[in-house]
Amino acid sequence: MRLTDQHKRTIDYLRISVTDRCNLSCAYCKPRTEMKMLPHREILTYEEMLRIVSVAVPLGISRVRVTGGEPLVRRGIVDFIASLKDCNGIEDVSLTTNGVLLEEMAGALYAAGMPRLNISLDSLDPQRFERITGSNNWTRVWSGITHAEALGFFPLKINMVPIRGVNDDEVADFARLTLDRRFHVRFIEFMPIGANDRWRRDSCVPSSEIRATIERTLGPLVPFASHNSAGPSDNYQLPGGKGVIGFISPITRHFCGTCRRLRLTADGKVRPCLLSDTEIDIKSPLRSGCSDAELERLLRISLEVKPERHHLNENGAEAGCFQRTMSRIGG
Ligand code: SAM
């Protein structure tokens, strides 16, 4: 029987964090205190991930997103993606990257059958990028993006997290990119995860405000619907623009009711909701030689505890109650 949770949501999408390592240190993502890297033996091997996927596919998982940490820093990632593509029943494999290694790896990714990418970029200004990420790799990331565009990756989604007083003055510049390029620029509301001690409710710029800023600067947005518009993004276009502008609003307009996701953390936990700390250990049984039936049982249990919705908008949600490392869980 297919994976359906207590709230009648059908689950068909798995996000896999393949590593907790990252080649950037984004101030809003990494905890301020020294982050302990997981020992290598604690990270699932690719074979273990593929075994879990092979159990999940007959239950209805048909889409996989590879994330991290930074997935491109893990050795063997291109072959892993090719193996995912070869899994019978997997219809879609996608990748989220910070783009630092994209220029050298885009060709191999494309050849492995990955025709589209999500790239995270929080500033178009190299100095500001360095302040946010602790790295002077802006030019490298931008070259990676333009190289991927030239190779034919489509859609190329550029994900930006506007943070008040940090980079929110750039939202119109990001939106402007869609005028003459087919980029899909998406603005994601800042959530209290990762470096949660830096999150304040007013540092999250609501999508409505981002949209108003864009419309004030560039004119009214026109709703955009595509055949593939089932995701969490509300999509628009600038009149005459080639690309798409999306708003993802986990804080101000949560989309929990239509959530179809499960997550597999880098250290082998099934996490039914990004914004709840409940996790089911699947690695220990896997490493003690459990059967596929037992793995299936664990996947089903994780759905029994998948919350109906997150509670970030309730009093006290910002009081440091979320102790998560984004990289282990996968953004
Ligand atoms: N390294 C890859 C990348 O940069 O795309 C994948 C992992 S990263 C954790 C995935 C995404 O999570 C990035 O787009 C990042 O901006 C986003 N992210 C991290 N912390 C966030 C937060 N507190 N609120 C919203 N998005 C966040």
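The values are calculated or read from the model by the stated rules, or taken from the named source; none is laboratory data. The shown structure was predicted, so the numbers you read here are calculated from the model rather than taken from an experiment. Neighbour counts run over all protein chains shown; Cβ positions are idealised from the backbone, glycine included. All accessible areas refer to the heavy atoms of the entire protein, side chains included, with ligands and DNA or RNA removed. Shrake-Rupley method; radii C 1.70, N 1.55, O 1.52, S 1.80 Å.
Miscellaneous remarks
- Among the residues of region 247-297, those that are over 21 Å from G194 (Cα atoms) and among the basic types (K, R) comprise R260, K283, R287, R297.
- Residues of region 304-321 that are at pLDDT below 75 and crowded, with 20+ Cβ neighbours inside 10 Å: L312 alone.
- Qualifying residues in region 10-55 (those that are small (G, A, S) and either in a loop (DSSP other than H, G, I, E, B) or within 17 Å of the chain's Cα centre (by Cα) (or both)) - the one surrounded by the fewest Cβ atoms within 10 Å (Cβ to Cβ): S25
- Filter result for I90 (at pLDDT 95 or above and surrounded by 20 or more Cβ atoms within 10 Å (Cβ to Cβ)): no
- Among all positions in region 65-81, there is at least one residue which is among the basic types (K, R), at pLDDT 95 or above and under 16 Å from the mean Cα position of the chain (by Cα).
- Qualifying residue in region 56-63 (condition: in contact (Cβ under 8 Å) with a residue 60 or more places away in the chain and either among the basic types (K, R) or in a strand (DSSP E or B) (or both)): no
- Answer residue from region 56-66, given it is closer than 17 Å to K157 by Cβ and open to solvent by less than 40 Å² (accessible area, probe 1.4 Å) and is farthest from the ligand (Cβ to nearest atom) among those: V64
- Test: residue in region 96-103 that is surrounded by fewer than 23 Cβ atoms within 10 Å (Cβ to Cβ) and in contact with a His (Cβ under 7 Å, 6 or more places away or on another chain): yes
- Entirely in region 126-223, the helices (runs of 4 or more DSSP H) that have 2 or more residues that are within 28 Å of P239 (Cα to Cα) and either within 12 Å of the ligand (Cβ to nearest atom) or open to solvent by 20 Å² or more (accessible area, probe 1.4 Å) (or both): 138-151, 171-180, 207-218
- Residue within region 67-84 that is surrounded by 16 or more Cβ atoms within 10 Å (Cβ to Cβ) and over 23 Å from D20 (Cα atoms) present: no
- Pair list, Cβ under 7 Å, 6 or more apart: region 267-280 residue more than 18 Å from T67 (Cα to Cα) and outside any strand (DSSP E or B), other residue among the β-branched types (V, I, T) and open to solvent by 20 Å² or more (accessible area, probe 1.4 Å): T278/V305
- Among the candidates I245, I301, I251, I282, residue that is touching a Gly at 6+ places or on another chain (Cβ under 6 Å) and either modelled with pLDDT under 95 or buried (at least 20 other Cβ atoms within 10 Å of the Cβ) (or both): I282
- Qualifying residue in region 96-117 (condition: within 16 Å of the ligand (Cβ to nearest atom) and within 24 Å of L299 (Cα to Cα)): yes
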